[in-house]
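J.: Take a look at the following structure, please.
Nothing in this text is a laboratory measurement; each read-out follows from the coordinates by a stated rule. Predicted, not measured: the structure shown is a model, and the values here were computed from it. Cβ atoms come from the backbone with ideal geometry, glycine included; neighbour counts cover every protein chain shown.
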Amino acid sequence: MLLRTPPLRLAPPPPAVAWDDAPCPLCGARETAVACEAPDANPRAGSDPLTFAVVQCRACAVLFTNPRPDAGCIADFYPDDYRPHRRPRKLREAGRASAPRSAWGRWTGRRHPERDGSLAWVGRGRLLDFGCGGGSYLKRMADQGWAVTGLDSAVGAVRSVQAELGLHTLAGSLPHPALAPCSFDVVTMWQSIEHVHEPLAILREAFRVLAPGGRLIVACPNAASWPARAFGPDWFALDLPRHLTHFTSATLTTMLTAAGFRVEGVRQVRHSDWLRSSARLAARTPGAALWKRALTAKPVAKFAAWLAYLLGASDCMMAVAERPDQ
């Protein structure tokens, strides 16, 4: 009697990449120079990691990934467990925090200084979080009395926020048909503007949905930071090809101004966990420098993050801009 062998089920090959050879996202020029090359640290399942180039515009100095996956296939490069789309454990355990510790955090402003310190508002403010991810920031601001709306292109993350947190979230990007002009007092973009193919168009749309006098807050990696220079292709915040534009303080200010905003300032934000992640990537290379291996230790990374902050060279920055009244 012959035994019938079940057919072998092979995983489908990853979809083909549709490439976009893009002009500069700020000025539209096409004269560029290669700044660095790095592989995808989170390659697609079933495929070898691709290597991507970061180029610099010769006209305005903006750094951007080019060529890049186009808007139709970039989602294929986001793992199912992509970290920004997950809800932090701290949010689930928020109710367990002690009252004295919470009170101290509120009084000193140290719990979320880079986020909450720029959002003083009188009355019930209207807030749009562009790239809301797992919704932890939306939840915190809703608990503080804000009327919040989240927007994210990851449909799964949006549905999760709707079902588990009961917050108003929309799938998609800007412009969005559900968002009217002048309908928000604050728009926030926490580590999201670097992910979009047309950042200037997104910022102009943020200007449109803000009420006159409203604020835009943008946090993103700082490509002119000490960690970016020190780690090069191993810099954690490079995150190719998901990060498409690599801002410095100067180029972020220029793009915000081009979108119509009045920039109030750009300040440094410490992320010692980013340093540790960069060090772990660097440690994969045989013969990695001892100082890079040392930065995988939390105390060393915290000290280095403070030092970079004091030198004005942190690997994250936050810009605050206003839509002028006129």
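J.: List the residues whose amide H sits under 5 Å from the amide H of D20, counting only those 5 or more places along or on another chain, with H placed 1.01 Å from N in the peptide plane.
T.: So D20 has HN proximity to R68, D70.
J.: If you don't mind, there's one more thing I want to ask. At 25 °C and 0.890 mPa s, grab the translational diffusion coefficient of the stretch 218-326 from Stokes-Einstein with a Kirkwood Rh over Cα pairs, rounded to a whole number in µm² per second.
T.: Reported coefficient: 168 µm²/s.
J.: Determine, for Y82, Y309, the number of other Cβ atoms within 10 Å of each Cβ, and report the residues in order from fewest to most. Don't skip to the answer; put the middle values down first.
T.: Details: Y82 15, Y309 20.
By the 10 Å Cβ count, ascending, the order reads Y82, Y309.
J.: Take the alpha carbon atoms of the stretch 131-175, find their center, do the same for the stretch 177-223, and report the distance between the two centers in whole angstrom.
T.: So the separation of the two Cα centres works out to 15 Å.
J.: Once phi is turned into ³J(HN,Hα) by the Karplus curve 6.51 cos²θ - 1.76 cosθ + 1.60 with θ = phi - 60°, what whole-Hz value does each residue of the stretch 297-313 show in order, with x for glycine and proline?
T.: Coupling constants for the stretch 297-313: 7, 4, x, 5, 5, 5, 5, 5, 5, 5, 4, 4, 4, 5, 8, x, 9 Hz.
J.: Mind listing the phi-derived Karplus ³J(HN,Hα) values for the stretch 282-289, rounded to whole Hz, using 6.51, -1.76 and 1.60 with θ = phi - 60°, and x for any glycine or proline?
T.: 5, 5, 5, 7, x, x, 4, 4
J.: Got a sec? How would D152, D20 order by Cβ neighbour count within 10 Å, fewest to most?
T.: Taking fewest neighbouring Cβ atoms as first place, the list is D20, D152.
J.: Take each of the peptides 293-305, 69-81, average the number of other beta-carbon atoms within 10 Å over its residues, and list them starting from the highest.
T.: 293-305, 69-81
J.: Order these by the 10 Å Cβ neighbour count, fewest first: I193, I202, I217.
T.: I217, I202, I193
J.: Non-local amide H neighbours of A35 (under 5 Å, H modeled in plane, Pro and chain starts lacking H): which ones?
T.: V54, V55, Q56
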